[in-house]
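A.B. asks: Let me give you the structure first, and then I'll get to my questions.
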Amino acid sequence: PHSRARGASDKSSGLLEAPEDTSSELNPLLWLPKGTRRGYALLPPLLKVLSERGHQAWESEAPRLRPDSRALRYMKRLYKMSATKEGVPKANKSHLYNTVRLFTPCSECKHHHRDLVKGDIHLVDLLFNLDRVTGLEHLLKSVLLYSFDTSVPVSSSVTCMCHLSVKEHDFSGQVCPSVPHAVAFSLHFEVRKRKWVEIDVTSFLQPLIATNRRNIHMAVNFTCLTGDPQQNINMENPINMALVPPSLLLYLNDTSEQAYHRWNSLRHRRKIPVRPRQRNSLLVDPTGDKGKETSQGKRASR
Amino acid sequence: WRRDENGKEAPATSPSNLSEYFKQFLFPQNECELHNFRLSFSQLKWDKWIIAPHRYSPQYCKGDCPRAVGHRYGSPVHTMVQNIIYEKLDSSVPKPSCVPAEYSPLSVLTIEPDGSIVYKEYEDMIATKCTCR
């Protein structure tokens, strides 16, 4: 009966829809009664992806873009910090996100980078396609992630200047006219076996992502010099910094029913209905590094 | 102390045997409870997209639902009513079933079709408690 089918689809009880070509016996999607076609649409993205991909994997090795190995290493490290070996999310109260997406710049403009990288001044043209971000995923924090592979031994401290500008000019439909089309900031850090440099670009990208922008096109000029301006050591020769274009990291709060909501589980535990706090201020850092000031923070205070 | 058939005092059973002995009366065999199940995504050939975790234990609930389910499983009174209907009125109405009552979430690291990488925490992916409904 309709109610049961709807019940099943509402609960998205992992029922998968049988695809049109139900020829292959291998296909796990055959296991389920036809009446759950609507259930498929409400499946958690993971099961949807897996059932489609699972199906593809059986039917044909559909070409798939391989992720960048450095990006994969970073995300595996993030996974280890966020979940136990069994895959259960760690009860870390300051960790507000339930989704983290890492995008590498689109391939078609990658070779474009090569001739743009002049010597130590890295002016790169980046285009990120954010089609995978769903409407129910709300941005908490966005970070440009440079993998720091210095080819020359560097002194302990490095100062980098970064100049970001958005390449889009069609701001006709812009939601917040005061969108900073360009921002410049510097950050100083110690190089001690440091593989990654995270540049917080939340306030810069938030307006674009909030207007559901599918493509973000920006130019980044990233220069690093050894030495520390505070100690007015004269800045020696620029170091040969990360020659790879940065990745874009989005910390998101997926508000869909299938995603895990910490405040929800806290509520169950306390048995007191807790209203989910509206997260207005985006500068609340979801990754919980309260102490660490972001470069924006420094710039803002300056 | 029990006396065996020729009146001699039989050795008392130790408390642990005693509880085992009485258990057969209190808990029917294969009663509804949580069972372990562990899978690795490579068995399903999904390890190309699921980077972590390598193994996943969704667990499952299996077993018979005793008639007096209220106190032990936190089942609603409806469960006993359904059992009475099944036993006394209409056996086409199904007996109460042994199903999960609580879950815990699972964090998954997957590769998307466009090559981007996503870390996601999904609700209700591991059964942690069973009930009769």
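The values are calculated or read from the model by the stated rules, or taken from the named source; none is laboratory data. Fair warning: this is a prediction, and the values are worked out from it, not measured in the lab. Cβ placement follows ideal geometry from the backbone for every residue including glycine, while neighbour counts extend to all protein chains displayed.
A.B. asks: Which residues, counting only those in region B:70-96, are of a type in the set (Ser, Thr, Tyr) and loosely packed, with under 15 Cβ neighbours inside 10 Å?
C.D. replies: Once the filter is applied, which keeps residues that are of a type in the set (Ser, Thr, Tyr) and loosely packed, with under 15 Cβ neighbours inside 10 Å, region B:70-96 yields B:SER91, B:SER92.
A.B. asks: Name the single residue that is nearest to A:TYR79 (Cα to Cα) among those in region B:45-55 being assigned to a loop (DSSP other than H, G, I, E, B) and under 24 Å from the mean Cα position of the chain (by Cα).
C.D. replies: Checked region B:45-55; the qualifying residue nearest to A:TYR79 (Cα to Cα) is B:PRO53.
A.B. asks: Quick check: anything in region B:47-58 at pLDDT below 95, in contact with a strand residue (DSSP E or B) (Cβ under 6 Å, 6 or more places away or on another chain), surrounded by 12 or more Cβ atoms within 10 Å (Cβ to Cβ) and charged (D, E, K, R)?
C.D. replies: yes
A.B. asks: Follow-up question, since we're still on this one. Can you find a residue that is at pLDDT 90 or above, within 11 Å of another protein chain (Cβ to nearest Cβ) and under 23 Å from A:LEU164 (Cα atoms) anywhere in region A:81-99?
C.D. replies: no
Residues checked against (1) surrounded by fewer than 17 Cβ atoms within 10 Å (Cβ to Cβ); (2) modelled with pLDDT under 80; (3) under 23 Å from the mean Cα position of the chain (by Cα):
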position	(1), (2), (3)
A:VAL175	yes, yes, yes
A:PRO207	no, no, yes
A:ARG214	yes, no, yes
A:VAL220	no, no, yes
A:PRO245	no, no, yes
A:TYR260	no, no, yes
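A.B. asks: Would you mention how many residues in region B:102-125 are touching a residue at least 40 places away in the same chain (Cβ under 8 Å) and more than 7 Å from chain A (Cβ to nearest Cβ)?
C.D. replies: Residues in region B:102-125 being touching a residue at least 40 places away in the same chain (Cβ under 8 Å) and more than 7 Å from chain A (Cβ to nearest Cβ): 1 in total.
A.B. asks: I'm told B:LEU109 meets every condition in (1) at pLDDT 95 or above; (2) surrounded by fewer than 18 Cβ atoms within 10 Å (Cβ to Cβ) except one. Can you identify the failing condition by its number?
C.D. replies: Only one criterion is unmet by B:LEU109, namely (2).
A.B. asks: Any residue that is within 14 Å of chain A (Cβ to nearest Cβ) and either surrounded by fewer than 16 Cβ atoms within 10 Å (Cβ to Cβ) or modelled with pLDDT of 90 or more (or both) - is there at least one of those in region B:7-15?
C.D. replies: No; the residues of region B:7-15 include none that is within 14 Å of chain A (Cβ to nearest Cβ) and either surrounded by fewer than 16 Cβ atoms within 10 Å (Cβ to Cβ) or modelled with pLDDT of 90 or more (or both).
A.B. asks: Within region B:93-101, does at least one residue satisfy the condition of being more than 8 Å from chain A (Cβ to nearest Cβ), of a type in the set (D, E, K, R) and assigned to a loop (DSSP other than H, G, I, E, B)?
C.D. replies: Yes - at least one qualifying residue is present in region B:93-101.
A.B. asks: In region A:126-140, which residue that is more than 13 Å from chain B (Cβ to nearest Cβ) and under 15 Å from A:PHE103 (Cβ atoms) is farthest from the chain's Cα centre (by Cα)?
C.D. replies: Taking the candidates together, the pick is A:LEU126.
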